[in-house]
Amino acid sequence: MVQLNAKNVGPLENVREWEQHAAGAESNFAIGIVRMGLRAAWISRLGADGFGKYVYEVVRKNGVDVSWVKFDGSAPTGVYFIWHPEEGKSLVKYYRKGSAASKLSPTDIKKKYIKSARWLHLTGITPALSESCREACFKAIEYAKEFNVPISFDVNWRSVLWKRKSDARKIFERIGRESTVVKVGFENFKEIWRKRASSPKEACKFLSKKFKCEALVTRERDAYASKEGTVIHERAMKVKVIDPVGAGDAFMAGYVASRLKGYSMKDSLRVANVAGALVCTRRGDIEAIPTWEEVERYLKLSSSHRS
């Protein structure tokens, strides 16, 4: 989608200037993977309009393979607005009903493309957009399982996209059972799984056991990872928060990239924390996603500071 981000702090009715950015959970993740020194591709649909061309060029210029992105002349590119009622806080309003992205279908998912991948990443947003989007996700999972491609799943709960919470939970659990890594924010976890856990640590253990996966649970500056009963906790560094939207996508990219590079869960969690924290320091979802070299510098500074 195109993101229009308010340049001043205050209520929506007082905003007079907006910055334009390209954003979206999966494309943010793909750009984060590239910044971490790996290759990434993005499958989507964009409107055949100026906004669609803008998003396409931003993602392409950030090094992501967009060869399977289609322009749809029958639907517009989605738009959303972010404004900041107070410093460090962001509110979001989406205008994407009937957007080109919601027209994604299983025919857009090519077996040979999934076969060539080392990893498949999905979020809970795409299957919420339409039935055809949902089936596209399931088709991608089918191909990934056929070729033993690991899958990561970021729940990204968006209540406005679902008629019933129970419907969302069924879809999330279906995808989670097929995933190698599952991530959720603790507040989202409480919305979806209610009384299954009273703390992020318990939530992490619950998801890891339920889906037999590496589970990641975040809450503000705390991040937890769990696998086979073991729980790891890492505290993120302090930063001045300008706009927290998009931090979770960068966090996930940092974690997956680190695991692909052979790093442990603990070290991958540290990388993820740095990536997520830095995104909060600027407006826009991708502008402050760090490179691998920048993450290494921050981790060395953090380690030396703690010692």
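A quick yes/no check of all residues on (1) assigned to a loop (DSSP other than H, G, I, E, B); (2) at pLDDT 95 or above; (3) open to solvent by 20 Å² or more (accessible area, probe 1.4 Å):
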{"site": "A117", "(1), (2), (3)": "yes, yes, yes"}
{"site": "R134", "(1), (2), (3)": "no, yes, yes"}
{"site": "I175", "(1), (2), (3)": "no, yes, no"}
{"site": "S179", "(1), (2), (3)": "yes, yes, no"}
{"site": "V184", "(1), (2), (3)": "no, yes, no"}
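Could you tell me which residue of segment 230-269 is most open to solvent (accessible area, probe 1.4 Å), considering only residues that are of a type in the set (D, E, K, R), part of a loop (DSSP other than H, G, I, E, B) and under 22 Å from R282 (Cα atoms)?
Of all residues in segment 230-269, those of a type in the set (D, E, K, R) come to 234-235, 238, 240, 243, 249, 259, 261, 266-267.
Adding the requirement that they be part of a loop (DSSP other than H, G, I, E, B) leaves 238, 240, 243, 261.
Still in the running and under 22 Å from R282 (Cα atoms): 238, 240, 243.
Working: K238: 168, K240: 136, D243: 0 Å².
Ranking the qualifying residues of segment 230-269, first place goes to K238.
If we keep just the residues of segment 45-76 that are part of a loop (DSSP other than H, G, I, E, B) and open to solvent by 60 Å² or more (accessible area, probe 1.4 Å), which is nearest to E19 (Cα to Cα)?
Narrowing segment 45-76 to residues part of a loop (DSSP other than H, G, I, E, B): 48-49, 62-64, 66-69, 73-76.
Pick out the ones that are also open to solvent by 60 Å² or more (accessible area, probe 1.4 Å) and you get 48, 67-68, 73-74, 76.
Numbers: A48: 21, S67: 27, W68: 28, G73: 26, S74: 27, P76: 20 Å.
Once the filter is applied, the top-ranked residue is P76.
Among the residues of segment 148-173, how many are open to solvent by 60 Å² or more (accessible area, probe 1.4 Å) and either outside any helix (DSSP H, G or I) or in contact (Cβ under 8 Å) with a residue 24 or more places away in the chain (or both)?
At the first step, the residues of segment 148-173 found to be open to solvent by 60 Å² or more (accessible area, probe 1.4 Å) are 148, 158-160, 163-165, 169-170.
Within this subset, residues satisfying the condition of being either outside any helix (DSSP H, G or I) or in contact (Cβ under 8 Å) with a residue 24 or more places away in the chain (or both) are 148, 158-160, 163-165, 169.
Looking only at that region, the number is 8.
Within segment 1-29, which residues are part of a strand (DSSP E or B), under 29 Å from T126 (Cα atoms) and not basic (K, R)? First the steps, then the outcome.
The initial filter retains those residues of segment 1-29 that are part of a strand (DSSP E or B), namely 2-9, 18-22.
Retained after the next criterion (residues that are under 29 Å from T126 (Cα atoms)): 2-7, 18-22.
Those that are part of a strand (DSSP E or B), under 29 Å from T126 (Cα atoms) and not basic (K, R): V2, Q3, L4, N5, A6, W18, E19, Q20, H21, A22.
Consider E191 against the criteria (1) surrounded by 14 or more Cβ atoms within 10 Å (Cβ to Cβ); (2) modelled with pLDDT under 95; (3) not in a helix (DSSP H, G or I): it satisfies all of them except one. Which criterion is unmet?
Among (1) surrounded by 14 or more Cβ atoms within 10 Å (Cβ to Cβ); (2) modelled with pLDDT under 95; (3) not in a helix (DSSP H, G or I), the lone unmet condition for E191 is (3).
How many residues are at pLDDT below 95, hydroxyl-bearing (S, T, Y) and closer than 30 Å to E17 by Cβ when one looks only at segment 265-307?
1
In segment 204-251, which residues are under 15 Å from F186 (Cα atoms) and among the polar types (S, T, N, Q)?
Passing the criteria: S208, T218, S226.
What number of residues in segment 99-133 are more than 20 Å from the chain's Cα centre (by Cα), more than 24 Å from I33 (Cα to Cα) and touching a residue at least 60 places away in the same chain (Cβ under 8 Å)?
Residues that pass the stated criteria total 0.
The values are calculated or read from the model by the stated rules, or taken from the named source; none is laboratory data. Only a predicted model underlies this, so the values are computations on that prediction, with no experimental measurement involved. Here the Cβ is made from the backbone with ideal geometry for all residues, glycine too, and neighbour counts use every protein chain on show. These area figures cover heavy atoms from the full protein model, side chains too; ligands, DNA and RNA do not enter into them. Shrake-Rupley method; radii C 1.70, N 1.55, O 1.52, S 1.80 Å.
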